[in-house]
Amino acid sequence: MQITEEVFGLTKDKTPVKRFLLQDGDCSAAVLTYGGILQSMIVNDRNGNPVDVLLGFDRVEDYENQACYIGALLGRSANRIADRPFTIDEKEVRLACNGGPCQLHGGYVGFDQKVWDAEITEEGLKLSCVSADGEEGYPGELKTEVTYHLKDGALSLHYRAVCDQTTLCNLSNHAYFNLAGHASGEVGAQQVCVHSDYFTPMASNNAPDGRILPVKNTPMDLNTLRPLQEDWDCDYDQIVLAGGYDHNYIIRGYGMRSFAAAYCEETGISLEVRSDMPGMQLYTGNFLTDLPKGKGGADYGIRHAFCMETQFIPNAVHCPGFEAPVLKAGNVYDRETIYRFTVK
């Protein structure tokens, strides 16, 4: 793997943003210091033509002027936490509420908006940042590192974090995939498989309500590859509530394992997601609206991509049956997610 860097632009407050290109054979990934964003992922299709399978933008200001977390790191806590106080180490915590009745993806200024420090190491590209005590309501000073590594078509994101107080930590990435190419439009024909027997249904605030339901005999069952469009407009109550798929799945097994797969017949490109997290959010881009022009002037819209966000179960601090992503003071958060691309 080779890593090169260049200046990508400036933020609104004139902070420089760098773009790092990770290259391994015919495969490459571009990472920005703004938000730790995955700006591109280029793999060859079955005919040997390069395809960029990630939605993204060509300018820093376009990332700043969108609210869909395109390609960004998510933290301190990915996904939704209902706007109610909870207790950590006998201290009441109330988080900043930026998503209607919930905190969404870390608050008003989450990890997606930070300019991260960057270092090229033997392990790959290491980004790091510090979240101050009390930021967005979270206790403790959290120091986070994310290392990106690309080899043999597999892009790894290795997350590490430590805090001086007990806090919440649930890190993820919001890459938007379109295996036909980022500018190719709706992804309904692309096939997806999720290795899960159960999902966590949402309440009207779009956060899990504490139930765990089987996927069997419902449109939530994606244990075999099938087109996303097959059920994303059905009358199942959870699909109607989310406007498509936007749900957390509890993935079978423990430790590093296969979470999900996707396939595009048009290009022959397959994606496998592997991780050691408990769950994964499948999202079909139901709210991709009012976006700036994408890379090369592309138009992005509703359902032009899907996301597979590895995570702890959202809203776990308010759901006694869920494992909450509590990071004890001085302990090390250490998780990894791998996106592996192959061609059929």
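The values are calculated or read from the model by the stated rules, or taken from the named source; none is laboratory data. Nothing here was measured: the structure is a model prediction, and the numbers come from that model. Using ideal geometry, Cβ is built from the backbone for each residue, glycine included, and neighbour counts are taken over all protein chains shown. In case anyone asks, the SASA skips ligands and DNA or RNA and just uses the protein heavy atoms, side chains included. Shrake-Rupley method; radii C 1.70, N 1.55, O 1.52, S 1.80 Å.
In square angstrom, rounded to the nearest 10, how much accessible surface does SER40 have for a 1.4 Å probe?
About 10 Å², ignoring ligands and nucleic acids.
Tell me which lysines have Cα within less than 24 Å of LYS295's Cα, excluding those fewer than 8 residues away on the same chain?
By straight Cα distance, LYS295 reaches LYS12, LYS14, LYS18, LYS114.
Quick one: net charge of ASN79's neighbours, Cβ under 13 Å, K/R +1, D/E -1?
Taking every other residue near ASN79 into account, the sum is -1.
Alpha carbons only, please: Rg and Dmax for the range 185-306, in angstrom.
14.8, 43
Would you mind checking the range 84-98 for residues with the amide N under 18 Å from a putative spin-label position 7 Å along Cα→C-beta of ASN205?
84-88, 92-98
Would you mind counting up the charge near TRP232? Only other residues with Cβ under 12 Å from its Cβ, with Lys and Arg at +1 and Asp and Glu at -1.
-4
Treating cross-link reach as a plain straight distance, find the aspartates and glutamates whose alpha-carbon is under 15 Å from the alpha-carbon of LYS293, omitting any fewer than eight places away in the same chain.
Within the straight-line limit of under 15 Å, LYS293 reaches these aspartates and glutamates: ASP58, GLU61, ASP62, GLU64.
Report, in deg cm²/dmol and to the nearest 500, the calculated mean residue ellipticity at 222 nm for the chain, where each DSSP H run with n ≥ 4 adds -39500 (n - 2.57) and the sum is divided by the residue count.
Theoretical 222 nm ellipticity from helices: -500 deg cm²/dmol.
Under 10 Å, Cα contacts only: if you run a Gaussian network model on the chain, which one of ASN205, ASN178, ASN248 comes out with the highest mean-square fluctuation?
Comparing ASN205, ASN178, ASN248 in a Gaussian network model of the chain, the most mobile one is ASN205.
Starting from the Cα of LYS14, step 7 Å along the direction of its Cβ; do the same at VAL326; then give the gap between the two resulting points in nm.
Placing both labels 7 Å beyond Cα along the Cβ direction yields 4.6 nm.
Treating cross-link reach as a plain straight distance, find the aspartates and glutamates whose alpha-carbon is under 18 Å from the alpha-carbon of LYS216, omitting any fewer than eight places away in the same chain.
ASP197, GLU230, ASP231, ASP235, ASP237, ASP246
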